[in-house]
Amino acid sequence: MNIADLARTLEHARLHQEPTEQVTNKASLTLDEAYQVQAAAVDLQLTASNHISGVKLGFTSEAKARQMGVSDVILGVLVSASEVRAGEALDTDRFIHPRVEAEIAFQVRSDITRVSNPRECVDAVAPALEVIDSRYKDFRFSVEDVVADNTSAAAYTVGPWTPIADLNVDLGDLLVELVIGGDTVAVGVGSDILGNPWEALNAAARLATAHGQRIEAGSVILAGAATQAVPLPATATITARVDGLGEAVLHTTGGIR
Ligand code: OOG
Ligand code: MG
């Protein structure tokens, strides 16, 4: 199968909530080819009203790497249609087997690719929630599979932005909590993300440069989950609470299908 066919298969799985076989069960795929499939599959989603809104890192924490059995840090693309804005609810029937993660987001002020200090290219930080949904059966994959599947990206929401200039805490020390319906279901600290969430910017710049992605001014970077992902409930309120940064809140509706 060629790159375009694989991209179409994954996009079909996403649109119709029909999980597909892992690509690497049928064919061998290099990591670079996997990033090409990812780019082609994202292209199929883009329209006049759906543009690239940022990038996301995966497997930046030990907890996530262990949960999924993949230890390489990976990069995916966020699209604007997958952002859940304040006041909107997320319909979980759009997904196959969604999970949710508490994350930290950065706002990009100037283009990051190929710069020596990506830290200077961001101007704000926020709590965030990411919904992931593997387009593969049983949520199982190799690193090449999950890269081709745009790192399971499905939806995200970002809480209030704190300007970096106003930050008086070390991001590595911040407690990151995932709360569902009032119960804390997972807890981590900033330093679980590559030793410090700032490191996520270096990883994003490195991977974007290596695989021909761009991280442009105005986009968002999700640094990767500090804790394991948990199943996304239909009809719930989910909160990412990050000490000192506040909360990102997501309401879900679903279970109708
Ligand atoms: C891949 C996406 C991982 C994260 O924050 O580590 C990710 C997956 O687990 O399906 O988004
Ligand atoms: Mg994530």
Pair list, Cβ < 6 Å and 6+ apart or interchain, from the stretch 125-139 residues that are under 30 Å from Pro163 (Cα atoms) to residues that are more than 13 Å from ligand 2 (Cβ to nearest atom) and aromatic (Phe, Trp, Tyr)
Val125/Phe106; Ala126/Trp161
Kindly state which helices (runs of 4 or more DSSP H) lie completely within the stretch 15-117 and contain at least 3 residues that are over 18 Å from the mean Cα position of the chain (by Cα).
23-26, 31-45
Among (1) within 16 Å of ligand 2 (Cβ to nearest atom); (2) surrounded by fewer than 16 Cβ atoms within 10 Å (Cβ to Cβ); (3) of a type outside the set (D, E, K, R) - the single one Thr235 does not satisfy:
(1)
At negative phi and at pLDDT 95 or above: does that describe Asn2?
no
Please tell me if Gly182 is surrounded by fewer than 17 Cβ atoms within 10 Å (Cβ to Cβ) and within 22 Å of Val100 (Cα to Cα).
yes
Scanning the stretch 100-136 residue by residue, those within 12 Å of Gly54 (Cβ to Cβ) and surrounded by 24 or more Cβ atoms within 10 Å (Cβ to Cβ) turn out to be Glu103, Ala105, Phe106, Ile112, Ala128, Glu130
Of all residues in the stretch 129-157, which are within 14 Å of the chain's Cα centre (by Cα), within 10 Å of ligand 1 (Cβ to nearest atom) and part of a strand (DSSP E or B)?
Glu130, Val131, Ile132, Ala153, Ala154, Tyr156
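Yes/no per residue for (1) within 16 Å of Thr60 (Cα to Cα); (2) away from ligand 2 (no atom under 16 Å from the Cβ); (3) crowded, with 19+ Cβ neighbours inside 10 Å:
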residue	(1), (2), (3)
Ile221	yes, no, yes
Gly224	yes, no, yes
Thr227	yes, no, yes
Pro231	no, no, no
Val249	no, yes, no
Thr252	no, yes, yes
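The values are calculated or read from the model by the stated rules, or taken from the named source; none is laboratory data. Quantities reported herein were computed from a predicted structural model and do not represent experimental measurements. Every residue, glycine among them, receives a Cβ derived from its backbone with ideal geometry; neighbour counts consider all protein chains shown.
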